[in-house]
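Below: the structure, in structure tokens.
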Amino acid sequence: MSGLTATARGTELVSANIANVMTPGYARRELAISPQAMGGNMGGVRIDGVVRAVNLSMLSEGRLASAAQGEAATRAAFLSSIEGVIGMPGQAGGLAARLSDFQSSLVSAAARPDDDLRLQQVLSSATALARGFTTATDALQSARAEADGAIASEVTTLNDGLQQVATLNRRISALEASGKDAASLMDERQRVVDRLSSIIPLKEVAREGSKIALFTQEGLALLDGTRPLQLGFAPSPVIDAQSGVGSPLSLISVDGATLAPEQMKLLGGGSLAGHFAIRDELAPDLQHDLDLLALDLQARLSEPTVDPTLGGGPGLFTDAGELASAASVAGLAGRIAVNAMADPTQGGALWQIRAGLGAPTPGPVSETGRLNAMAAALDATRPPAGGPVTGARASLPVRLAEFGANVTTQRVGSEAELAARNARLNTISERMLTGGVDSDAEMQKLLQYEQAYAANARVIRALDDMINQLLRI
């Protein structure tokens, strides 16, 4: 009878294994049995419990790979979106292409300075170029704001997940203490930890009573006992190009104590670290380079040799109507605009593009000096205004093209890193599936259980026949 009970329970486990062969987080079940003695003679079998077949080393490796893949995917998605806004060299609509259109309009207007349509084209292309800088700035700051919001969301997910693991720890321990099967709860706990591991790489350590403790890769104990650490984060209401300059934005707090910048590596390695990198490193660095390029553009067209009528004021491009400086360069790419003196819709006149923005009268319609000087200033090889961007001495088209190429290079590198981490994660996942539920092996085991069940049933039938034979005697 004990054999019949054991084979029936084993058949149930085989059925559950086959039914959950593709279920994430499901661990193959095995029936643990042992012989039981009865009066010195063998007295059947005893069911010792149900064992979850889990390769802990492979599981830990998979979680670390998932975290690495999450961080790489976050970086790659950001760089891909920013490249789409800035544009690759030669791409229509990109910053380099807009600068090329502006240069072409200057050359065209210099050929016919009396043609207002060509002067209007200069104004339109200059406006499009300024809008390209502001659009790129908006994209960078929007990405930072989204990363800040994603950090807040992931911190909430971590707190909820850690609390869920602590609750499952208690329930699993209580079930096992009462002699009941807690395998389903262990599967659920594994799924929760797997989900959290893409945010922060987690290491699982077994504790008494089938409980687990969770540590980050750098050794911070997030859960080791009955109460998990409480992570905190205060999202910034507004993020712009000046945010984080001089004073850092919000960082993670642990049980009310804010981590220092150098302590943030305790939570590094997953998508959370990727969002912090976007908010505090990748986007600000690109914004700084973009601001310096905008400063270089304005400085080239504001020199007295280009337009002697300026009188120390800004040239065709302004910093919200003023002359930009290296001291106020932060966020300049988002403020750069065409000088109102050249825009008829703002009270200016097209002829001032030809005669000079500070000229009192239109002057000769054949004047080409200002137009040729602006075109030459853009192509002049000179040191960058406000500091190095992509080299020492270069023309503005070269510098802007190198900036776009730098973004593309970063994007290609991030995608290559993502592909490598995806391959590693897929390899580990395949190995885990190989070591998980094997449907062929389960079917063979099912046949063995059926044969064992039939053998036990036949013994009982033989005993029944013998008893009946004795009764007939």
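Bear in mind these aren't lab numbers, they're just calculated from the coordinates by the rules spelled out. If you're wondering where the values come from, they're calculated on a predicted model, not measured in any experiment. Here Cβ is always computed from backbone atoms with ideal geometry, including for glycine, and neighbour counts include all displayed protein chains.
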Check: So what J values fall out for the stretch 451-464 if you push phi through Karplus, 6.51 cos²θ - 1.76 cosθ + 1.60 with θ = phi - 60°, rounded to Hz, Gly and Pro as x?
Finding: 5, 5, 5, 5, 5, 5, 5, 5, 4, 5, 5, 5, 4, 4
Margin query: Amide H of GLN36 versus every other amide H placed in the peptide plane: which residues, excluding those fewer than 5 positions away on the same chain, fall under 5 Å?
Written below: GLY43, GLY44, VAL45, ARG46
Check: Can you give the angle from 0 to 90° between the axis of helix 2-19 and the longest principal axis of the chain, with both taken from C-alpha atoms, to the nearest 10?
Finding: 20
Margin query: List the residues, sorted by chain then number, that are 5 or more residues from ALA394 or on another chain and whose placed amide H is less than 5 Å from its amide H.
Written below: ARG382
Next item on the list: Show me 354-362, 253-261 ranked by packing, highest mean number of other Cβ atoms within 10 Å first.
Entry: 354-362, 253-261
Next item on the list: Report the one residue of PRO113, SER197, LEU175 whose Cα lies farthest in the direction of the positive end of the charge dipole of the chain (charges on C-beta: Lys and Arg +1, Asp and Glu -1; origin at the Cα centre).
Entry: LEU175
Next item on the list: Using only Cα atoms, find the angle between the long axis of helix 116-177 and the longest principal axis of the chain, and express it within 0 to 90 degrees, rounded to the nearest 10.
Entry: 20
Checklist line | Charge-dipole axis of the chain as Lys and Arg at +1 and Asp and Glu at -1 on Cβ define it, positive-most pick from THR409, VAL306, VAL54 | finding: VAL54
Next item on the list: Place the peptides 96-103, 339-346, 66-73 in order of packing, highest mean first, counting for every residue the other Cβ atoms within 10 Å and averaging per peptide.
Entry: 66-73, 96-103, 339-346
Margin query: Binning at 10 angstrom from zero up to the longest distance, how are the C-alpha pair distances of the chain distributed in percent?
Written below: 4, 16, 18, 15, 12, 10, 8, 6, 4, 3, 2, 1, 0, 0
Notebook entry, point to check: Check GLY348: other-chain or 5+ apart residues with amide H under 5 Å from its amide H, H built from backbone geometry?
Noted result: ASP343
Check: What order do you get for 232-238, 417-423, 156-162, 313-319 when each peptide is scored by the mean count of other beta carbon atoms within 10 Å, highest first?
Finding: 313-319, 156-162, 417-423, 232-238
Note to self: Spelling out what I want: for every residue of the stretch 421-428, take phi, set θ = phi - 60°, compute 6.51 cos²θ - 1.76 cosθ + 1.60 (Karplus), and round to whole Hz; glycine and proline get x.
What the structure shows: 6, 4, 4, 5, 5, 5, 4, 5
Check: If you place +1 on the Cβ of every Lys and Arg and -1 on the Cβ of every Asp and Glu, how big does the dipole about the Cα centre of the chain come out, in debye to the nearest 20?
Finding: 1260
Check: Under unit Cβ charges (Lys, Arg +1; Asp, Glu -1), what dipole magnitude, rounded to 20 debye, does the stretch 305-401 have relative to its Cα centre?
Finding: 240
Next item on the list: Enter the angle in degrees (range 0 to 90, nearest 10) between the Cα long axis of helix 56-86 and the first principal axis of the Cα atoms of the chain, meaning the one along which they spread out most.
Entry: 20
Margin query: Sequence gap at least 6, Cα distance under 8 Å: using those rules, report the relative contact order of the stretch 60-412 to the nearest whole percent.
Written below: 23
Next item on the list: Please give the net charge around LEU293, taking every other residue with its beta carbon less than 14 angstrom from that of LEU293, where Lys and Arg add +1 and Asp and Glu add -1.
Entry: -1
Next item on the list: Work the Kirkwood hydrodynamic radius out for the stretch 424-473: mean of 1/r over every pair of different alpha-carbon atoms, inverted, in Å.
Entry: 14.4
